[in-house]
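Reading through the structure tokens given below for one structure.
The values are calculated or read from the model by the stated rules, or taken from the named source; none is laboratory data. None of these values were measured; they are calculated from a predicted model. No Cβ is skipped: glycine too gets one built from the backbone with ideal geometry, and neighbour counts run over all protein chains shown. Only protein heavy atoms, including side chains, enter the accessible area calculation; ligands, DNA and RNA are left aside. Shrake-Rupley method; radii C 1.70, N 1.55, O 1.52, S 1.80 Å.
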Amino acid sequence: MSNTDIRARFLLRRPAPRGRQAFVLDVDVTLPGRGVTAIFGQSGSGKSTFLRCIAGLERPEPGELEVLGERWQSARLFLPAHRRPLGYVFQEASLFPHLSAQGNLDYAKRRADVREDSQFTQDQVVELLGIGHCLQQLPHELSGGERQRVAIARALLIQPRLLLMDEPMASLDDQRKAEILPYLERLRDEIALPILYVSHSVAEVSRLAHHLVVLDQGAVKTQGPLTQVLAGIDPPLPLGEDSGVVLEATVAARDPRWHLVRVRFAGGELWVRDEGDVVGQPVRVRILARDISLTLQEQRDSSIANRIQGEVIALAEDTHPAMCLVQLQIGPSTLLARITQRSADQLDITPGRCVWVQIKSVALVR
């Protein structure tokens, strides 16, 4: 393990409530010490419990935790929550209701772990999160998105070495989520701080994360780089209609007549809607398995503009017996297609088969 990583090994047992099964969290992971690691899973999978163990709010035994070369927990050591240099953002903003936004930030500065390498000033954080206009307002006078941004600013001004975010957009409506997501992207891109981000939203994870840990019934089902995990097929993640991949791409050209841009990824190019990104800008594209169809020959008389040649790598059963997932190699990149078992049989879709991949819809996720 490197001094730039996060190593967590926890075993936490909870007794069974009446009429329910006991819960066991049993994880052993090494996570990157920079960027966003998404902790993903269905409700009850142990996501928030894992975060509480990291924070010192739960005491797993046995338990080991080392963060960026600092030991926070071992067989002989347990740093309590107030001694762990971390920021914690909950589902609800949890601001002090009697203090203005500025008062909440002042409270964080008084609690700050002041070090020579402290990296966050109030001016920087306020500008990063776009909250300068609301510093004199009380929490109840703020929108849900503004409250969460102030809560994130407060967590940063503690000068943490690690930022924990437990479904910070779960209580927001779609409009407020759209408001706050660009600020979370700036946070991801502009600060050198590891972020553990709990979510059960594939869309959020696809847009924000670099690394993905999938929990299922308290255990790690799989983990790795986001693009690699989402493209896996053995076994496929139980994502249903959200199954698909995320590709790192670059805006290559713009077609102003049709309001489209061409994006280039490792393996090919795609046309997508023009969202104003400049040529040369890195972007992420998300392609859902349900939006891909396969043909044996190129279909030029079609409304589907994105057609790429690929090779079948593997097939796997889907959640419904009528369907299957097909893993496809496009240069060094991987795509997933969802087709019927009947179509797979009629087209003789087998590993090694060359096919035309028709992509009906591509979404820019930044």
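Here are the numbers for the structure shown:
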quantity: Qualifying residue in the stretch 1-13 (condition: farther than 23 Å from Thr222 by Cβ, among the small types (Gly, Ala, Ser) and surrounded by fewer than 18 Cβ atoms within 10 Å (Cβ to Cβ)); calculated: no
quantity: Test for Gln341: is it within 22 Å of Gly267 (Cα to Cα), of a type in the set (S, T, N, Q) and either surrounded by fewer than 18 Cβ atoms within 10 Å (Cβ to Cβ) or in contact with a Lys or Arg (Cβ under 9 Å, 6 or more places away or on another chain) (or both); calculated: no
quantity: Every residue from the stretch 3-22 that is assigned to a strand (DSSP E or B) and touching a Pro at 6+ places or on another chain (Cβ under 9 Å); calculated: Asp5, Ile6, Arg9, Phe10, Leu11, Leu12, Arg13
quantity: Meets criteria (within 23 Å of Leu325 (Cα to Cα) and open to solvent by 20 Å² or more (accessible area, probe 1.4 Å)) for Thr250; calculated: no
quantity: Helices (runs of 4 or more DSSP H) enclosed by the stretch 114-207 - at least 3 residues per element that are of a type in the set (Lys, Arg); calculated: 144-156, 174-190
quantity: Positions within the stretch 255-298 being assigned to a loop (DSSP other than H, G, I, E, B), open to solvent by 70 Å² or more (accessible area, probe 1.4 Å) and touching a residue at least 40 places away in the same chain (Cβ under 8 Å), in sequence order; calculated: Glu275, Leu296, Gln297
quantity: Members of the stretch 30-55 found to be closer than 21 Å to Leu77 by Cβ and under 17 Å from the mean Cα position of the chain (by Cα), listed by number; calculated: Thr30, Leu31, Gly33, Phe50, Leu51
quantity: Any chance Asp123 is under 30 Å from Ser243 (Cβ atoms) and either open to solvent by 80 Å² or more (accessible area, probe 1.4 Å) or of a type in the set (S, T, N, Q) (or both); calculated: no
quantity: Selected residue (only one of Gln137, Gln124, Gln119 is modelled with pLDDT of 95 or more, more than 25 Å from Ser43 (Cβ to Cβ) and out of contact with any Phe, Trp or Tyr (no Cβ under 8 Å at 6 or more places or on another chain)); calculated: Gln137
quantity: Which listed residue is at pLDDT 95 or above and loosely packed, with under 15 Cβ neighbours inside 10 Å, from Arg111, Arg83, Arg71; calculated: Arg71
quantity: Odd one out for Arg149, checked against (1) of a type in the set (D, E, K, R); (2) open to solvent by 20 Å² or more (accessible area, probe 1.4 Å); (3) without any contact (Cβ under 8 Å) to a residue 60 or more places away in the chain; calculated: (2)
quantity: The stretch 86-99, subset part of a loop (DSSP other than H, G, I, E, B) and open to solvent by less than 30 Å² (accessible area, probe 1.4 Å), residue modelled with the highest pLDDT; calculated: Leu95
quantity: Set Leu193, Leu237, Leu187, Leu212: member being in contact with a helix residue (DSSP H, G or I) (Cβ under 6 Å, 6 or more places away or on another chain), open to solvent by less than 30 Å² (accessible area, probe 1.4 Å) and over 19 Å from Val362 (Cβ atoms); calculated: Leu212
quantity: Count - residues of the stretch 33-68 that are within 12 Å of Ile195 (Cα to Cα) and open to solvent by 40 Å² or more (accessible area, probe 1.4 Å); calculated: 1
quantity: Single match in Ser303, Ser361 (criterion: modelled with pLDDT under 95 and in contact with an Asp or Glu (Cβ under 6 Å, 6 or more places away or on another chain)); calculated: Ser361
quantity: Complete set of residues in the stretch 229-248 that are without any contact (Cβ under 8 Å) to a residue 24 or more places away in the chain and part of a helix (DSSP H, G or I); calculated: Val229
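Conditions tested, residue by residue: (1) open to solvent by 70 Å² or more (accessible area, probe 1.4 Å); (2) out of contact with any Asp or Glu (no Cβ under 8 Å at 6 or more places or on another chain).
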{"residue": "Ile313", "(1), (2)": "no, yes"}
{"residue": "Asp318", "(1), (2)": "no, yes"}
{"residue": "Pro321", "(1), (2)": "yes, yes"}
{"residue": "Cys324", "(1), (2)": "no, no"}
{"residue": "Thr334", "(1), (2)": "no, yes"}
{"residue": "Ala337", "(1), (2)": "no, yes"}
{"residue": "Arg353", "(1), (2)": "yes, no"}
